[in-house]
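Worksheet: the structure to be examined is printed underneath.
The values are calculated or read from the model by the stated rules, or taken from the named source; none is laboratory data. Keep in mind that what you see is a predicted model, and the values were worked out from it rather than measured. Ideal geometry is used to build each Cβ from the backbone, glycine not excepted, and the neighbour counts take in all protein chains shown.
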Amino acid sequence: MAKKIIKVKKEIVVKKKQKKKSAKEGVKKTKGPIKEKKISVKEECIKKPKVAIISLTSCEGCQFALLDLGQKFLDLVEKIEMVDFRLLEDEEDAGMDLDLVLIEGNPVTEENVKTLISARKRSKLLCALGNCAAMGGIPEIKNYQEGKNTIKHVYRYIHGISNPPIKEIDNFVKVDFVFRGCPISGEEFLKYFPELLRGNIPTIPDQPVCLECKKKGNKCLFLDKKPCFGPMIIGGCDAVCPTAGMMCQGCRGLRPGGNVKAMKATLKTMMTDEEFENTTEIYGLRDDIEEAERRQKIV
Amino acid sequence: MNIKINHIAKMEGHAGFMASVLDGDVKSAKIEVQEGIRLIEGVLIGREYKDMPIVAQRICGICPVVHNLTAIKALENAMGVAVSQETEKLRTLLECGQIIHSHALHLFFLSLADFLDIDNDIELVKKYPEETKKAIRIREFGMEIVKVIGGRVVHPLTNEVGGFKKIPDQEALKNLLIFSKEALGVSLELGEFFRKIKIPDFERETEYVALSKNGEYSIYGGDIVSSRGLHIPVEKFESNFLELQKQQEVIKRMEHDGKSYMVGAIARININRNKLKGESYRYLASLGWKFPDFNPFHNILAQMVELIHFTEEAQKIIRELLNLNLENALTKEYKIKAGSGVAAVEAPRGTLYYHVEVDEKGYIKNVNIITPTAQFLSNLEDDIAEYIPHIMGLSDGKRQRKLRGFIRAYDPCISCAVH
């Protein structure tokens, strides 16, 4: 990768011992009390944050949502040092330390788990990129069905094929931020990514999908007695599904301030309990709802 | 000696490569799939039919449109649901958009660097800024089609059994028509650039398979036709082609008459080239190929021909749609009933096949999905086995590079193949 290099030419005072360290970290002005030596340092230091985009088992749709930003994405790549992005680079990842890593998909194979754990160790910040990494996604449906046996519908020989229950990546590593959705929203990515590059963890406002849906001028699906999960789901997707005439199925996950109990009561007149439960399975929402209900009971 | 590539980047999904060569003879050549299983067919069983397109399109982030289309078509065939010509035209246009943006991505961003001996795309876009702009522009045209009709590029939303939840407005279609004129110009310029690329000379005879229909370069309908004279309706696909799983393998391979075969752009050009018209016809003629053409590297240029063709085709369909009443494409009421249905649609990488059985309440009893990459994987390995002796004289590094380029020219999608 071509690196935009910041050339630093300064007359500075450094302690002899610190010379090497400073060269690595960038130039710092330090006052050494005993042995001071005035030296001229012409230094080339790379200030771009190191970023990797790593895909575990997935459709890679979230990476494509990034690539689909076209020039906007290429402009963004200019601002970082892309250490690993397999879609665009042939070079093998050398395993260097990272400032930020984005993880897409599910840890399914042993290799996936190893990659995930090593990514966490290497990186200052780790983000989930999309619904599979964050909530389990489509593959999690098997957890609610026949679990280990779902595989028998697909393969004749199952020996030696890794088939664990699907777990979100935060079961394996600490996750600092979640880009939500199936797929993620490219525009939302552009909004929060620069903040992450600065080392800050952004907060997505606790607002329902409905807010953006209204702004779009859509007629609320409830008015036609059609179900929608919008009120209990965290917005930021520009209400893309209801805008296309489709109910929100909750791929972005529950709002912290959402009322699952009230939502279920509202939906009772529009869908059966079984339909509700089945729909929540599509994006791995069901286990989150069960947990929210447990918490509501305790409160 | 062994030739091993741990990880092939710049393609969809995870795979490596391993070959063993003894005294100049290639004993084995194998794509090693490192993708985890998601069991898409398995998780669909017992679910409502309406979930199928939503779940199945998530097999692939680059070609969700074609999974969506094929799933819906198979379900409609299973339940005997008829749709309007407006619906069919919108769907065909969606598939044109799908192929355009997928081809533009593969041609330029995934494969081109291999023919120019460049390691990564950051370098590529710096060296070829004008061509990059063109590739992005034509890709944007494909994506815009999918967005206008499908509501979103990755995992579209509007298409469903019986028709569309929402139809595009006239204004959006008119803008697409304007865009298509620019896109055609850009694709021809890109075609000129690609024509000058040095493509390796290598040939191996194989069987090509694609959908074919009288009078059109078909993608959304037609029969299954092969370059060796097979001509069968889609319903007979599974009885003519064998799906098999080797132990410990997560891709179920396909064979025809005990042999490997090829699908995708190069197969379609070989079978359906006489149906090309206008600029795409002229561009193909300018390449000066002799048919049948058996150079697998030509898949790149075949995609370029198709990029031009589907841009022209999209333009034609948009014009037709502007004169039709799109209200007819909105989903009409239909009866849920038990049945079994199959469908095949031409995906960017070849024929995608779905087979589904539903019960009388619309719950899914059985699903089989056969993807293009699963179909051509063995053909790719057979090709490489014959290609390796041609590159044995090269250094390890150069040989690896050639092999990566070869594999990528096929445009494999491992996520699709494993699903």
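Worth pointing out:
- Qualifying residue in segment A:76-95 (condition: assigned to a strand (DSSP E or B), within 18 Å of A:K191 (Cα to Cα) and of a type in the set (A, V, I, L, M)): no
- Segment B:277-299, residues that are outside any loop (DSSP other than H, G, I, E, B), touching a residue at least 60 places away in the same chain (Cβ under 8 Å) and surrounded by 14 or more Cβ atoms within 10 Å (Cβ to Cβ): B:E279, B:Y283, B:L287, B:P296, B:F297, B:H298, B:N299
- When residues of segment A:229-252 are limited to those that are assigned to a loop (DSSP other than H, G, I, E, B) and in contact with a strand residue (DSSP E or B) (Cβ under 6 Å, 6 or more places away or on another chain), the one nearest to B:L330 (Cα to Cα): A:C248
- Among the residues making up segment B:41-51, those that are facing chain A (nearest Cβ under 9 Å) and over 17 Å from A:G136 (Cβ atoms) are B:E41, B:I45, B:G46, B:E48.
- When we screen A:K79, A:K148, A:K48, A:K167 for residues that are at pLDDT below 95, under 29 Å from B:I40 (Cβ atoms) and either in contact with a strand residue (DSSP E or B) (Cβ under 6 Å, 6 or more places away or on another chain) or more than 10 Å from every other protein chain (Cβ to nearest Cβ) (or both), the only hit is A:K148.
- Top-ranked residue of segment A:116-139 - restricted to ones that are at the interface with another protein chain (Cβ under 10 Å from one of its Cβ atoms) and touching a strand residue (DSSP E or B) at 6+ places or on another chain (Cβ under 8 Å), ranked as surrounded by the most Cβ atoms within 10 Å (Cβ to Cβ): A:C132
Each row is one residue, and each column tells you yes or no for (1) within 13 Å of another protein chain (Cβ to nearest Cβ); (2) polar (S, T, N, Q); (3) out of contact with any His (no Cβ under 6 Å at 6 or more places or on another chain).
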site: B:A15; (1), (2), (3): yes, no, yes
site: B:S20; (1), (2), (3): no, yes, yes
site: B:A29; (1), (2), (3): no, no, yes
site: B:L39; (1), (2), (3): yes, no, yes
site: B:P53; (1), (2), (3): yes, no, yes
site: B:G61; (1), (2), (3): yes, no, yes
site: B:Q85; (1), (2), (3): no, yes, yes
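- Filter result for B:I122 (within 8 Å of chain A (Cβ to nearest Cβ), assigned to a helix (DSSP H, G or I) and out of contact with any Pro (no Cβ under 9 Å at 6 or more places or on another chain)): yes
- Residue count for segment B:19-77, restricted to those that are in contact with a Phe, Trp or Tyr (Cβ under 8 Å, 6 or more places away or on another chain), part of a helix (DSSP H, G or I) and farther than 30 Å from B:N6 by Cα: 6.
- In the set (1) within 13 Å of chain B (Cβ to nearest Cβ); (2) in a strand (DSSP E or B), A:D99 fails one condition alone, (1).
- Subset of segment B:395-419 [more than 12 Å from every other protein chain (Cβ to nearest Cβ), in contact with a helix residue (DSSP H, G or I) (Cβ under 7 Å, 6 or more places away or on another chain) and assigned to a loop (DSSP other than H, G, I, E, B)]: B:Y410, B:D411, B:P412
- Residues (buried (at least 20 other Cβ atoms within 10 Å of the Cβ) and either closer than 17 Å to A:L196 by Cα or in contact with an Asp or Glu (Cβ under 7 Å, 6 or more places away or on another chain) (or both)) located in segment A:61-79: A:C62, A:Q63, A:L66
- Qualifying residue in segment B:342-358 (condition: surrounded by 22 or more Cβ atoms within 10 Å (Cβ to Cβ), more than 30 Å from B:A172 (Cα to Cα) and within 14 Å of chain A (Cβ to nearest Cβ)): yes
- Flag if A:E281 is crowded, with 21+ Cβ neighbours inside 10 Å, part of a helix (DSSP H, G or I) and either in the same structural domain as A:K219 (by TED's automatic domain parsing) or modelled with pLDDT of 95 or more (or both): yes
- Members of segment A:171-193 that are surrounded by fewer than 22 Cβ atoms within 10 Å (Cβ to Cβ) and aliphatic (A, V, I, L, M): A:V173, A:V175, A:L190
- Which numbered condition A:T203 fails, given (1) free of Cβ contacts under 8 Å to residues at least 40 places away in the same chain; (2) surrounded by fewer than 21 Cβ atoms within 10 Å (Cβ to Cβ); (3) part of a loop (DSSP other than H, G, I, E, B); (4) touching a Gly at 6+ places or on another chain (Cβ under 7 Å): (4)
- Qualifying residue in segment A:218-228 (condition: within 17 Å of A:Y283 (Cα to Cα), more than 11 Å from chain B (Cβ to nearest Cβ) and not in a helix (DSSP H, G or I)): yes
- Of the residues screened, B:I3 is not one that is within 21 Å of the chain's Cα centre (by Cα) and either assigned to a strand (DSSP E or B) or more than 8 Å from chain A (Cβ to nearest Cβ) (or both).
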